[in-house]
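Please treat every number below as a calculation from the coordinates, not as lab data. All figures in this text were calculated on a predicted structure; none of them were measured in a lab. Note that each Cβ is placed from the backbone with ideal geometry, even for glycine, and that neighbours are counted across all protein chains shown.
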Amino acid sequence: MATASRGQWSGRTGFILAAAGSAIGLGNIWRFPYTAGENGGGAFVLIYLGFVALIGVPVLLSELAIGRKTQRNAVGAFMALKPGSGWRFVGGLGIATGFGILAFYSVIAGWTLAYLWGAVTGQIGGALTADESAAIFTQTIGNPALAIGLTAIFMLLTVVVIQRGVSKGIEAVTKVLMPLLFIILVILTVRSVTLPGAMEGLAYFLMPDFSKITVTVVMSALGQALFSLSLGMGAMITYGSYFPDEENVVQAGVSVAVFDTLIAVIAGLMIFPALFSVGVQPNAGPGLVFVVLPSIFGALPAGSLFAVAFYALLAIAALTSTISLLEVVVAYFVDERGWHRAKAAWVMGSICFLIAIPSALSQGGVDFLTTLPGIGVDFLSLQNIIWGNYSLSIGAILITVFAGWVWGIPRLFAAIESSGHRLPMPGVLRFLIKYVAPIAVALVLVFIVWTQQYF
Ligand code: PHE
């Protein structure tokens with residue numbers, strides 16, 4: 001069924017790099033450290049690891065199996081497995097979610113370019129006080145033309161990769177960028193953990209203080225795990241749809257989860273020692289890597305070089321994720337509407353850019369978007385709440401219910417094992433997919449509806 005025009009990964013390694021590229025993103029290097037910092041450090045990290053293993057991996061394998069079995073985009077996959085049913089709307093929700101996430105993620109990704117440029121030109125990386133650093137951040141993200149321009153550049157990069165196709169575009173680019181990302185990250189981490197006072201940061205990040213565990217910590221950890229593994233919106237269905245029939249899905253899926261988690265943990269090892277070594281509190285929130293780190297680089301020998309490396313790392317991580325977000329949308333138009341890939345990439349990338357403009361203007365550029373009347377948050381945060389929180393959790397619940405109950409475990413497992421590789425611990429996996437995953441994610445949904453606390 002894999003038509004030549006749809007494309008395919010060259011093999012397991014190509015898939016793993018591309019899917020790890022999707023998973024590893026701003027979620028790992030920007031969001032994971034500040035979320036861990038706000039939620040008590042080590043205890044959050046421990047719970048996070050548990051959720052990746054118990055919920056992340058089963059959902060990831062389900063999405064991959066649905067994709068590979070049907071070799072279709074998110075909507076087409078549900079139509080193939082349950083023709084004529086309403087399940088295709090779950091795929092539709094996934095495509096809308098890909099669009100919605102891309103429309104705010106690309107704005108933040110744009111900031112990484114501004115900071116990369118600032119680091120290259122020396123504005124960032126030298127001595128900066130905390131106030132100066134905060135002022136640079138406010139001016140950068142609040143400048144309307146700059147914010148829109150950077151979002152446009154990022155979207156353009158994403159479109160150019162997507163239009164080149166699965167193996168010549170996504171795979172070729174991620175094959176170069178992912179090893180580069182890893183090398184930069186390791187260099188920065190070695191620098192950070194050898195700073196004076198690094199131990200204190202490591203202890204905060206690695207030693208669980210169980211008294212810090214609250215419902216919020218637990219719920220944020222699960223939400224973060226879903227977002228970080230790119231689950232709940234069909235990205236892994238789409239990437240799984242290009243996965244060759246004869247390859248081992250379990251091994252590939254577990255590798256992706258392990259890489260994603262490893263990178264998040266290493267990002268923590270890079271950031272917390274640096275914070276503690278200069279006596280900065282870890283709970284700065286979303287500004288952590290844009291406001292706090294710039295004021296630290298100046299205190300490091302060769303800080304300006306490290307600043308360039310760090311923001312290059314962030315930009316690379318973001319790009320391999322925006323690629324996967326746009327691919328979810330493009331795959332739908334290619335498969336179901338018969339569009340050319342290039343047309344789908346340019347049309348959808350352009351529309352998404354237009355939808356991103358209010359988010360780009362919502363960080364100080366335009367007053368009413370910065371504090372939405374009657375809602376109180378900015379437009380970008382609202383997009384994250386709608387798509388990154390509600391939609392992703394609803395999608396994850398429905399996908400697991402579909403996999404575990406509607407399509408059903410026997411067919412799901414047969415699809416996973418169709419390459420001839422046996423599924424380890426089928427009994428455990430069955431229990432996790434049917435009961436644990438949907439119930440746990442439903443609790444996250446109840447929690448965010450109830451408390452209006454988001455991740
Ligand atoms: N996983 C990506 C990150 O950690 C974000 C993402 C979510 C990408 C959903 C695709 C789909 O940054």
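A few points about this structure:
- For Y239, the shell of other residues with beta-carbons less than 11 Å away shows a net charge of -2, using +1 for Lys and Arg and -1 for Asp and Glu.
- Nonlocal Lys pairs with alpha-carbon distance under 30 Å, the chain (8 or more apart, or different chains): 9
- Region 186-264: C-alpha gyration tensor shape, a/c 1.5 cut-off, then a/b vs b/c: oblate
- Charge sum, other residues only, whose C-beta stays under 13 Å from V166's C-beta, Lys/Arg counted +1 and Asp/Glu -1: +2
- Of the trypsin sites (Lys or Arg not before Pro) found in region 356-455, those in coil by DSSP whose Cβ has at most 13 other Cβ atoms within 10 Å are R422.
- Rounded, prolate or oblate (a/c below 1.5 giving rounded, otherwise prolate when a/b exceeds b/c) for region 130-233 by Cα gyration tensor: prolate
- Sparse-neighbourhood loop sites, chymotrypsin sites (Phe, Trp or Tyr not before Pro) in region 45-132 - DSSP loop, at most 14 other Cβ within 10 angstrom: none
- Based on Cα contacts under 8 Å between residues 6+ apart, region 1-151 shows a relative contact order of 14 percent.
- Taking other residues whose beta carbon is less than 15 angstrom from the beta carbon of M425, and scoring Lys, Arg as +1 and Asp, Glu as -1, yields +2.
- When only alpha carbons are used to place a centre, region 9-49 and region 306-325 end up 13 Å from one another.
- Distance between the modelled labels on Q281 and A53, one decimal in nanometres: 3.3 nm (7 Å Cα→Cβ projection).
- Alpha carbon centroid spacing (whole Å) that separates region 257-296 from region 401-455: 31
- In sequence order, calculated HN-Hα J values of region 212-226 (Karplus, 6.51, -1.76, 1.60; Hz; x Gly/Pro): 7, 6, 10, 4, 4, 4, 5, 5, 5, 5, 6, x, 5, 5, 4
- Eigenvalues of the alpha-carbon gyration tensor of region 12-451, scaled by 5 and square-rooted, set the equivalent ellipsoid semi-axes at 34, 25, 21 angstrom, largest first.
- Relative contact order computed over the chain (Cα-Cα under 8 Å; 6+ residues apart), in percent: 34
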